[in-house]
């Protein structure tokens, strides 16, 4: 196993404690922000943290779940690896939801947890849990450090693994004795692990075969996902679509890879995606999946998905190829590398007639759905119109963050984004409570960009304590609470599929504005349409965090919809008439 | 040593598409890796018929041999998820025809039963087993072979009052003349991708 040393690394040897070694290792990895919450087993690390105020900024959250979601939001907008700290026992277990969310959405994170002293392992000591065992299925890698000497090498590996290949969360559990012990510290970045090959060798035969299919296709269709953003391949993707003239649709996590108003952008895929984007999957003759994983929300019933088409899958994770759909030509590699190789071999072309079919189908969706969402005539306000008004003000120069539920679907459909990494949402796991802390992390990561959170009354209450963290850091997050007093998405399903039996979906909510003000955050509630525009302007002009609560019409439903088990051709545009 | 067993192997078609696969995974010798690998089976609700872990021919590299009864499709997906693990160097799967495999079984019978008639001695000879240890109370018999063969011996010895029985997991080597894994290791060590 050969190691390459970088000329940038400064292999200085210093005698120091394990805890301080953690700080030095983080600094060496270019970390400048940590989200966390202290506790007994991680105290030595927190003590060492105080010696590095210029290099390391720590944001104190109010729950460890808040810390890990904030680290995710930070990672999503900056492209850096998010870092969070938690103590042993309940501190570590409180991270589990966020770690799971990160592995589902391929977000690079390094989570450092304190652990009881090595001699106490397995004895049910105070606040001891088997963090390695618990986080095994939800991490890309994890490791328990029991000796200080292990710290530099393991942390270097942790950062290498979290960020490379298909990114993901890594948990490093550090026993307290290792934090206290002194040793000779020397840092060296990890450049190679023999059992791990994050950068596959590209098979040029596959690229040539794919180019051939693309050049011959009459109705080619691209499905673009987060892989493009994770690979920093937005420019390469843009060049590819513009050269080939192929219409592209995006998965919810791929939303901001291209500006929404690009002429070849035909909309969002998925259960609540755009009408034409969904139905055309079953009409194309060539389907090109780029940096996406054919999630069940995108495919609908797999046995009736794109059966008529040949499928090319450009993907970095070999286990994803042929996992859900049978792929005709896989291009195994990082799209940053493979897209230019493919672009060089495809002919300049356009598919204007095929593209026009999408635009024609869009008209139906506009009539039945979009018109009513964005310009409602009923007195009750809709989520769509609120989003639209905000779009008009920020004009794509903002980072949008969402929680989970109906509002998330409306936001992904209607938020106008121009720049990459400007849409942050919980995709694969759909974690309610993600929004508020993730927006906090996003603002910390992008302090000069407007960060606007859309959240529902259900989701906000799941992590509402993070108002305290936001007040302490004064991160100027603009929080738009779309309050319909219900667990909206579940209520919609109960309306459509369970005969309007609203079992446990009505929420008796607090006075959110009072709660926010109790936490030191300015807030205002809007109950009528005429108040909206001015309220939005006030929120955006305000220098500091701000909560804008909007009362939303109770039975505002998200359409179109591909019900579970249905084919993507069976998109519903409106509720069935009784 | 008997080369084949006489029991008819059920074809996949008869077994709703399922057949016996032997999965081999080569990994670094690190704590907790066994857990990481078995979680992949648990997650997909696949039962592990047998599992053997021990050092491979190459120092520092561990080998896992896992036997399952599943469809080809599922096995392919499980193996690619094992292969994906950071500390797994490579994972393969093989059908019964592609490997040579063995397991070992130990049987403890009362020595009294051994003395009172010739039958046990004949059985042992017929099954190509061997007597490992004899005490005044018990005798330990050992047999290597395929699962059906060790099972047959079990069924016979059971009649004499089997005191204790244990069988190991399967170990297997492929029928090809080159060791695919050794080739792979050479390739990755000369080919450092950053």
Tilt, helix B:180-189 to longest principal axis of chain B (alpha-carbon atoms), in degrees rounded to tens, equals 30 degrees
In whole angstrom, note down how far apart the Cα centers of region A:425-462 and region A:104-156 are. 27 Å
How crowded by other chains is B:80-89, given as the mean number of beta carbons from other chains within 10 Å of each beta carbon? 6
Compute the helix-to-body angle for B:72-84: its Cα long axis versus the longest principal axis of chain B, expressed 0 to 90° and rounded to tens. 60 degrees
For A:55, A:478, A:80, what ranking results if the residue with the fewest other Cβ atoms within 10 Å of its Cβ goes first? A:55, A:80, A:478
Per-residue mean of C-beta atoms belonging to partner chains within 10 Å, peptide A:189-196: 5
Extended-chain gain in nm, criterion 0.36 nm per residue less alpha-carbon gap, residue A:51 and residue A:375: 111.1 nm
Does chain B come out rounded, prolate or oblate by the C-alpha gyration tensor, with a ≥ b ≥ c the root eigenvalues, rounded set by a/c under 1.5 and, if not, prolate when a/b is larger than b/c and oblate if not? prolate
Stretched fully, the stretch from residue A:555 through residue A:448 gains (0.36 nm per residue minus C-alpha distance, one decimal, in nm) 34.8 nm
In nm, to one decimal, how far is the residue A:326 label point from the residue B:15 one, both placed 7 Å along Cα→Cβ? 2.3 nm
Applying 1/(1 + (r/R0)^6) with R0 = 30 Å to the Cβ-Cβ distance of residue B:130 and residue B:176, what FRET efficiency is obtained, to the nearest 0.05? 0.45
Once you have the Kirkwood Rh of region A:337-385 from its Cα pairs, apply Stokes-Einstein at 4 °C and 1.567 mPa s and quote D in µm²/s. 91 µm²/s
Once both label points are put 7 Å beyond Cα along the C-beta direction, the residue A:392-residue A:191 separation in nm becomes 5.6 nm
Subtracting the Cα-Cα distance of residue A:216 and residue A:14 from 0.36 nm times their residue separation yields 66.5 nm
Using a ≥ b ≥ c from the Cα gyration tensor of chain A (square roots of the eigenvalues), is it rounded, prolate or oblate, where a/c under 1.5 gives rounded and otherwise the larger of a/b and b/c decides, a/b for prolate? oblate
Two-site FRET efficiency, residue A:511 against residue A:531, from Cβ-Cβ distance with R₀ of 25 Å, rounded to 0.05: 0.90
Please find the FRET efficiency linking residue A:542 to residue A:564, where r is the Cβ-Cβ separation and R0 is fixed at 35 Å, and quote it to the nearest 0.05. 0.25
What is the spin-label model distance, in nm, from residue A:302 to residue A:474 if the labels are put 7 Å beyond Cα along the C-beta direction? 5.2 nm
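FYI, it's all coordinate maths here, none of it is from the lab. Note that the coordinates shown come from a computational prediction; the quantities given were computed from them, not determined experimentally. Note that each Cβ is placed from the backbone with ideal geometry, even for glycine, and that neighbours are counted across all protein chains shown.
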